[in-house]
Every structure is written in C-alpha cells, then in structure tokens.
Amino acid sequence: MTRISPRHPRYRSLRTRATLAELARSGLVAPEGLIAHGRGEAFDYFLGERTTPSARRAIRAAARWLVNARTPVISVNGNVAALAAPEVARLQRAVPSLRVEVNLFHRTPTRVRQIAHLLEAAGVRDVLGLVATGRIPGLPSDRAIVDRRGILAADVCLVPLEDGDRTLALRRLGKKVIAIDLNPLSRTAETADLPIIDELTRALTQMAVEVGRPRPRRAGEFPPFDATGALRAARRTMSRRLAAGPRRRAPGRSASPRRVRGTTRRSRRTP
Ligand code: ATP
Ligand code: MG
C-alpha cells in the first residue's frame with residue numbers, strides 16, 4: 001500500500017482511499033464503489049466531517065428501533081465491509097439479534113465470499129447472504145437476491161450506502177428502513193423511514209454506544225421519526241457551511257504564518 005505521512009492534513013481520508021483502492025484491486029470493492037465513496041466524501045466535506053446534532057438524534061432513534069426489532073438485519077456491501085467491518089461486528093455484539101447479510105449490487109460468488117471472510121475476520125457471526133435463497137419482488141436482476149433468513153424475514157433493515165430502488169422495494173415489503181447515507185438528496189435518504197445523514201463509521205460507532213444504554217425493550221415498537229426534518233437539517237447544515245466558506249485562513253492571508261518543521265504553511269502550500 002502507498003505510504004502516507006501521518007502528518008498530512010488529510011491523513012485519515014488518504015488512508016481510507018488507499019485501503020479502498022487496495023480492496024478494489026483484490027475485487028472485494030467494486031470499481032463503482034470507489035465512485036460512490038468519492039460522492040460520499042464530498043458530502044462529508046459539506047457536513048464538516050462530524051456528526052451533527054440532528055444526525056445524533058437519528059442515530060439514537062435508530063438504536064431504539066434496532067433494540068425493539070424482532071428480526072433486525074444490516075445489509076453489507078463491498079464498501080461497507082471495506083470501511084466498517086469492525087464497527088459492524090461491534091454493533092452485532094451490542095444487538096445480539098442483529099443478522100448481518102452480504103447484499104451486493106454487483107454480485108459474484110467470489111465477491112460474496114471475500115466480503116464474508118472479511119466480516120468473519122472482524123468478528124461478525126453467522127454471515128448471511130452467501131447463497132441466494134430469496135428475491136425482493138419488483139426488482140430486476142441480481143439486485144433482488146436476498147437471504148430468506150435475513151432481509152426477507154426482517155422487520156427492521158439497516159441499509160448503509162444503499163441504492164434508492166432497493167430502499168423503496170424494502171419499504172414496499174413493509175419493512176422499517178434505516179439508511180446511513182451522507183447525501184441528503186439521494187433517493188435512498190429520501191425514501192428511508194429513518195435516514196441518518198452521517199458518515200458510516202461514525203454512525204455505526206455511535207449506534208453501538210446508544211444501543212448499550214440501559215433502556216426498557218418494547219418489542220415491535222418503533223417510535224415515530226421525523227425523516228423530513230432530519231433531511232432538512234442536513235441540507236441546512238451543508239448550505240450554511242458552503243455559504244460561510246472555509247474557517248481556516250486562506251494561504252497567503254495569514255499575518256504571521258505558523259512555523260511547521262522549518263517551513264511555513266504558506267511556503268508548504270504555495271510551492
Ligand atoms: P440513490 O440513493 O439516489 O439511488 P445511489 O445509491 O445509486 O443513489 P451511489 O453513489 O451509488 O448512489 O450510493 C452511494 C451513497 O452512499 C451516496 O449517496 C454517498 O453519498 C453515500 N456514501 C458513500 N460513502 C459513504 C460513507 N462512508 N458514509 C456514508 N455514506 C456514504
Ligand atoms: Mg443510495
């Protein structure tokens with residue numbers, strides 16, 4: 001893997017990209033998945049790369065739905081496995097009834113196996129979706145393939161980085177759909193019962209914490225969630241930040257440029 005200096009201001013993002021590129025070379029991440037990641041990164045920039053108060057409320061509501069669900073399922077595609085296998089395992093430990101299903105837009109037996117291995121290595125138990133045993137009605141092609149014991153049987157489906165058609169098809173089946181998607185304008189976010197407009201690893205980590213809070217379980221009860229309000233809040237945050245511009249000073253504007261290891265930010269940025 002390319003060596004990236006931890007001192008780079010965007011170290012985390014570059015590391016993530018390098019991991020995804022590596023896993024794309026191995027075939028686990030689809031080339032289309034790299035494009036989807038880039039789209040997500042752009043929206044995270046607009047959001048300020050942090051969980052907003054509105055997203056935090058959505059995560060809290062999602063945690064309650066998961067705890068109250070009879071058969072909760074998380075749908076895992078290549079990007080989700082590549083970015084967040086340990087977080088999926090942690091969430092499953094926190095919600096032992098959570099089923100984890102590999103569900104791919106670009107499905108091949110090899111990719112399914114690779115993703116299942118990655119999840120198992122991270123500690124996920126009983127990975128579903130290895131063999132096609134059911135179909136979501138109304139969806140063409142391989143995108144309809146699901147596991148009878150997983151998504152087809154679920155009352156609550158957690159779908160990170162999902163496609164809009166499938167989200168709609170799941171809702172038509174009467175499932176409660178929780179989406180994690182950085183794009184508040186995507187059809188997925190617009191269609192889900194409970195859209196979480198946040199970055200995947202941040203959202204899953206926080207969800208595992210919320211699930212662990214002591215609270216009485218009320219099986220089958222899903223307190224209403226204001227999805228329209230959540231989408232509006234995310235759009236507002238993004239437009240506010242876009243209108244305000246960057247908080248940091250533009251290079252060359254600083255009155256006293258900070259010294260960084262024998263150089264200045266100005267000289268580093270304007271070679
Ligand atoms: P639609 O939902 O409108 O049908 P789509 O699902 O086909 O669109 P894609 O780009 O394929 O569009 O889906 C990927 C979605 O996942 C994008 O909306 C993108 O913003 C989001 N996304 C990508 N990476 C992340 C991430 N790490 N965390 C959260 N969301 C992400
Ligand atoms: Mg989508």
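Some observations on this one:
- Other-chain or far-sequence residues with amide H under 5 Å of Ile196's (modelled H): Ala179, Ile180, Asp181
- Amide H partners (placed H, <5 Å) of Val29, local residues excluded: Ala24
- ³J(HN,Hα), Karplus 6.51/-1.76/1.60, whole Hz, each residue of segment 60-65, x for Gly, Pro: 5, 5, 4, 4, 5, 4
- For segment 1-126: rounded, prolate or oblate by the Cα gyration tensor [a/c cutoff 1.5]: oblate
- Rolling a 1.4 angstrom probe over the protein heavy atoms with all chains in place gives the chain an accessible area of 53 Å² per residue.
- Among Ala42, Ala189, Ala82, residue whose mean-square fluctuation peaks in a GNM of the chain (springs only between Cα atoms under 10 Å): Ala42
- Potential lengthening of the chain between Ser26 and Arg236 amounts to 71.7 nm, from the contour at 0.36 nm per residue minus the alpha-carbon distance.
- For segment 116-251, the square roots a ≥ b ≥ c of the C-alpha gyration tensor eigenvalues yield an a/c of 1.5 or more together with a/b exceeding b/c, which makes the shape prolate.
- The chain shape via C-alpha gyration tensor axes, a/c threshold 1.5: prolate
- Using bins of 5 Å that start at zero, the share of Cα-Cα pairs per bin across segment 1-54 amounts to 4, 18, 23, 21, 19, 11, 3, 1, in whole %.
- Amide proton proximity set for Gly129, modelled H, under 5 Å, gap of 5+: Val102
- Rounded to whole numbers, the Karplus 3J(HN,Hα) couplings from phi for segment 50-59 are 8, 7, 7, x, 5, 5, 4, 5, 5, 5 Hz, using 6.51 cos²θ - 1.76 cosθ + 1.60 with θ = phi - 60°, and x at Gly and Pro.
- Residues considered: Ile59, Ile35, Ile74. Largest GNM mean-square fluctuation over the chain, using C-alpha springs under 10 Å, is found at Ile35.
- Rounded to 5, the percent of DSSP beta bridges in the chain classed as antiparallel: 20
- Taking 0.36 nm per residue of separation and subtracting the Cα-Cα distance, full extension of the segment from Ala122 to Arg39 would add 27.3 nm.
- Rounded to whole numbers, the Karplus 3J(HN,Hα) couplings from phi for segment 208-219 are 5, 5, 5, 4, x, 6, x, 7, x, 8, 10, 4 Hz, using 6.51 cos²θ - 1.76 cosθ + 1.60 with θ = phi - 60°, and x at Gly and Pro.
- Within the accessible area of segment 39-112 (1.4 Å probe), percent carbon and sulfur: 54
The values are calculated or read from the model by the stated rules, or taken from the named source; none is laboratory data. Since we're looking at a predicted model, the values are computed, not measured. All accessible areas refer to the heavy atoms of the entire protein, side chains included, with ligands and DNA or RNA removed. Shrake-Rupley method; radii C 1.70, N 1.55, O 1.52, S 1.80 Å.
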